[in-house]
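The values are calculated or read from the model by the stated rules, or taken from the named source; none is laboratory data. Computed from a predicted model, the values in this text were never measured in an experiment. In this analysis, Cβ positions are derived from the backbone assuming ideal geometry, glycine residues included, and neighbour counts consider all displayed protein chains. Remember, those area values only see protein heavy atoms, side chains included, never the ligands or the DNA or RNA. Shrake-Rupley method; radii C 1.70, N 1.55, O 1.52, S 1.80 Å.
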Amino acid sequence: MKLSLCLVLFLFVLCNSMQAVAQDTSLPLEKINLPPGFSISLWAKVPDARTLALGDRGTVFVGSRSAGNVYAITDHDGERHVRIIASKLKLPSGVAFHQGTLFVSAVNRILRFDRIEENLDHPPQPHVILDSLPKEVFHGWRFIAFGPDDLLYVAIGAPCDACEADQSHYAHIARLKPDGSNYEIYAQGVRHSAGFDWHPETKELWFTDIGREWMSDNMPPDELNHAPAKGMHFGFPYCHASNVLDPKFGAKRGCERSTPPAIELAAHVTPLGMRFYTGNMFPSEYRNRLIIAEHGPWNVRTKTGYQLEWVYIENNQVTKKEVFADGWLENGNAWGRPVDVLVMPDGALLVSDDQAGAIYRISYTKP
């Protein structure tokens, strides 16, 4: 009887494993549209994959939201090993790597994992460098990244769709030292930024900002913003995009006192992760272009986004934008949702997808 039970359990686990493998290969990547010479492949399966960061030794760190995990992926001769290095965290979406140390945002806390790449199989207990961030989970998943000034930048979203929350605590991008000290606000009037990066040449900050809901399917536009200096205000909650007054709060401030976006994106595309392309694999004209992952909306009738877009920037001005990859949205139904992008040392581009639980690799071979 015990033997039969063990056999049943073994077959059950085996069938589940076989099913998991089948699911791993079932993503319809042939439906992704890319320019000639570009190709996309499944690089790793990671549940709820969100923000990406690259370690000094080539480890790719992955945050999550609902899964509560932080992952580390190593690649040896094309075979990737996915490890869970932290679990049971609250919205550990943001990951950043700096001087051998991994930093993770988890709502009100920022955690530090020292010498992490030396201890992937036995991760150290994290140090809490900051635990005084807002505790609200609404927009509580925080993007973090280190700037050229070696300071850790963190996005603090508004605790609402649209409200006059105290912007000394909410709706801003802040920066601090790696030990958690010297917290200061860098930019205000930012509803919810889930991605930022610094131009490779000017070293100036650019960031995405997700527009408010419940105005219409076509309003307001989402944003790409440029913040070359500390102290700028980007409008929330009074002004959205370039000149869209908020129906409730717009009369209190207007748009003339706010910095308009560098470019308006389509409404509700939900721009999240973004990076300047600094690799050498893609054709030379792509270098220093900005690529944005558009996650797609959750509450509109006409769905937009679910794609990657290139943004062309010359002399700190956006000259145009164009779709780079799409096909995750099919007949109004999405089978995947891009979250973040990461330029790899070989010049390939990784793309995380929390809906499909996948990380893709986009590469280029001259046609």
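Points worth noting:
- Listed peptides 123-133, 152-162 by packing density, highest first (mean Cβ within 10 Å): 152-162, 123-133
- Along its three principal directions, the equivalent ellipsoid of region 35-184 from the Cα gyration tensor extends over semi-axes of 27, 18, 15 Å, largest first.
- Residue order for Glu309, Glu256, Glu314, Glu264 - accessible surface, 1.4 angstrom probe, largest first: Glu256, Glu314, Glu264, Glu309
- At full extension, Lys303 and His76 could sit 77.8 nm farther apart than now, given 0.36 nm per residue minus the alpha carbon distance.
- Whole-percent carbon and sulfur share, accessible surface of region 263-360, 1.4 Å: 42 percent
- Residue-wise HN-Hα couplings along region 110-115, as the Karplus relation 6.51 cos²θ - 1.76 cosθ + 1.60 with θ = phi - 60° gives them from phi, are 10, 10, 10, 10, 7, 6 Hz; Gly and Pro carry x.
- Close amide H contacts of Leu130 (hydrogens built in the peptide plane, cut-off under 5 Å, sequence separation of 5 or more or a different chain): Ile110.
- Given their separation in residues at 0.36 nm each and the Cα-Cα distance between them, Asn243 and Ser132 gain 36.6 nm when the chain is fully extended.
- Distant-in-sequence amide H partners of Gly94 (H built 1.01 Å from N, under 5 Å): Ser105, Arg142
- Stokes-Einstein D in µm²/s, Kirkwood radius over Cα pairs - region 304-367 at 20 °C with 1.002 mPa s viscosity: 161 µm²/s
- Accessible area per residue, Å², region 64-211 with all protein chains present, probe 1.4 Å: 41 Å²
- Per-residue Karplus couplings for region 73-80, computed as 6.51 cos²θ - 1.76 cosθ + 1.60 with θ equal to phi - 60°, are listed in order as 10, 10, 10, 10, 6, x, 9, 9 Hz, Gly and Pro entered as x.
- Accessible area per residue in Å² at 1.4 Å probe, computed on region 308-362: 36 Å²
- Stokes-Einstein diffusion for the chain at 20 °C, viscosity 1.002 mPa s, with a Kirkwood radius from C-alpha pairs, works out to 101 µm²/s.
- Coupling constants for region 257-264 follow from the phi torsions by the Karplus curve (6.51 cos²θ - 1.76 cosθ + 1.60, θ = phi - 60°), and in residue order they are 9, 10, 7, x, x, 5, 7, 7 Hz; glycine and proline get x.
- Leu151 exposes around 40 Å² of accessible area when a 1.4 Å probe is run over every protein chain in place.
- Largest to smallest in accessible area, the residues Asp209, Asp149 fall in the order Asp149, Asp209 (1.4 Å probe, all protein chains included).
- Residue-level accessible surface for Ser66, protein heavy atoms, 1.4 Å, Å²: 100 Å²
- Simple label model, 7 Å out from Cα along Cβ direction - Glu213 to Asp149, nm: 3.4 nm
- 19 Å cut-off, amide nitrogen to a point 7 angstrom out along Asn316 Cα→Cβ, residues in region 172-188: 186-188
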